[in-house]
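Take a look at the structure below.
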Amino acid sequence: MQETAADPRRWWTLALLCGAYFMVILDTAIVIVALPSIQAELGFSEQGLQWVISAYALTFAGLLLLGGRAADLLGRRRVFIAGLLLFTAASLLCGLAWSSGALLTARAVQGVGAAIMTPTALSIIATTFPEGSERNKALGIWGALGGVGATAGWVIGGPLVDGPGWEWIFFINIPLGLAALALSPVLLSESRGTLTRRSYDPAGALTITGAFVLLVYAVVEAPDAGWGDTQTLLLFAASAVSLAVFVLIESRHREPLMPVRFLRSRVRVGANLAMLVTGAVIWGLTFTLTLYGQQVLGYSALEFGLGTAVFAALVPVGSIVGQALVLRVGFRPVAVVGLLLLGAASLAFTQVSVGGSYVDDMLLGLLFLGPGLGAIFVTATVAALADVAEHQSGLASGLSNTAFQIGAALGVAIASTVAVSRSEDFLAANEGADPLVVLNEGFQSAFLACVVLAGIGVALALVLLGQRRAPGEQLEVVPAPAADQST
């Protein structure tokens, strides 16, 4: 039992950290509903638009492990405040962006702030709450807030985009960030990991970030350049080489960001792969759905946001039920059900039509999507942090969140690429076709790609997520060290 377990401020500490995490995930999600407006005002192309999400997700994912390591070495409260300050400042710059390049640059900086702040927050939770039911409860609340943040953005973003303008989806972070900055010195206690050496491994952070950026860029550019084109093949090869260099660095570094031995746990690998697939499905699907709702059905941002309220309302239901079931039946069954619900939602959306409506084309998918996201998100989070030593709380939490953000970037890139490719092929075969029909064909194919991704996730969960635990058996959960998530 840790001394901090008796700290009477611990639940207020959790509220502050969850609020900051909610802001980080909200900022990934809230952009979704504003994409058509951002595209129209700043002149993004159909394929370039996905970088509004990916620029944030890739710096977030690539630097999470480094952010968690810095927290363990320099002090968790200090690093959390630094990340929060950077995130808040970058949000201001996003709202003031005057061009597509300016927005993407600010989004990348915002991702850096999130990468510093998020793993640190989860590591503070791990050192504030003792192992067992109390920590599981805290992590369940954390996971639920992440899921809610990933959905509430649609509801909050709609009125902002249709009201004062898309810039306010970023300006909304300013008062929240300033409030959190004021409360942090009061509610957070300083702590550090019990490490014997100070080593940050920046080369590891740069090579893994480079690998992800090259991979996403290759997928995005492939439809125009050609999948067998020299440029595409070189980009994929460069991504693979960068990943191999990262593994080599990690195997030889005295204090690697991600020790190779840390991935010997099959459950931990399965949890992180499930989180990656969840990120890919959710962001690929929501990216496509907002474009369908606003560009094909003609909804305003407000109408679309309010229409997704049922989704946001069901995510915490899935999280609460999922967390309770994990304690009774184990990780595998809950993860499989959650991923099957994501697949069912994606399958329902493949039936969207040009002359459709909210009830006929969107409602069923949203009813599946909410509980599915809540269940798989909290299950993958608890599984990733189970049986991890306290001094590795940064690493495990960071790895989980890295997986989610990598999935987000890949999912959006895949959905965008599939939609654009299908639309171009359809138009080539049906010259003079209705532009809305052309768009809809692409969106249907993107949703089908999400079905395939969810199916891959189910297979991975069945194979990797371990044995069924005895009913009522207590899960030992200890968040890991270096990086953190979420979107």
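Given their separation in residues at 0.36 nm each and the Cα-Cα distance between them, Arg328 and Val463 gain 46.6 nm when the chain is fully extended. Farthest toward the positive end of the dipole of the chain, out of Leu364, Ala29, Leu63, is the Cα of Leu63, where the dipole comes from beta carbon charges about the Cα centre.
Peptide packing: for 368-376, 113-121, the average count of neighbouring Cβ atoms within 10 Å per residue gives the ranking 113-121, 368-376, highest mean first.
Highest mean first, the peptides 48-59, 282-293 sorted by other C-beta atoms within 10 Å per residue fall in the order 282-293, 48-59. Exposure proxy shown here: for Glu250, Glu190, Glu221, the number of other Cβ atoms within 10 Å sets the order, fewest to most, as Glu190, Glu221, Glu250.
Placing +1 on the Cβ of every Lys and Arg and -1 on the Cβ of every Asp and Glu, with no other charges, gives the stretch 247-359 a dipole of roughly 720 debye about its Cα centre. Cβ crowding within 10 Å, taken as a proxy for footprinting-reagent exposure, orders Cys94, Cys450, Cys18 from fewest neighbours to most as Cys18, Cys94, Cys450.
In debye to the nearest 20, how big a dipole does the chain give about its Cα centre with +1 on each Lys and Arg Cβ and -1 on each Asp and Glu Cβ? If you can, show how the numbers build up before the last one.
Numbers: 23 positive and 30 negative charges, 403 e Å.
Here the size comes out at about 1940 debye.
Please order Val281, Val463 by the number of other Cβ within 10 Å, starting at the fewest. Write out the running numbers ahead of the final one.
On the way: Val281 33, Val463 12.
The order, fewest Cβ neighbours first, is Val463, Val281.
Dipole orientation for the chain: of the candidates Val109, Ala222, Ile141, Ile141 has the Cα lying most toward the positive pole (charges on Cβ; Lys, Arg +1; Asp, Glu -1).
Bear in mind that the values in this text are calculations on the coordinates, not laboratory data. These numbers come from a predicted model, not from an experiment. Ideal geometry is used to build each Cβ from the backbone, glycine not excepted, and the neighbour counts take in all protein chains shown.
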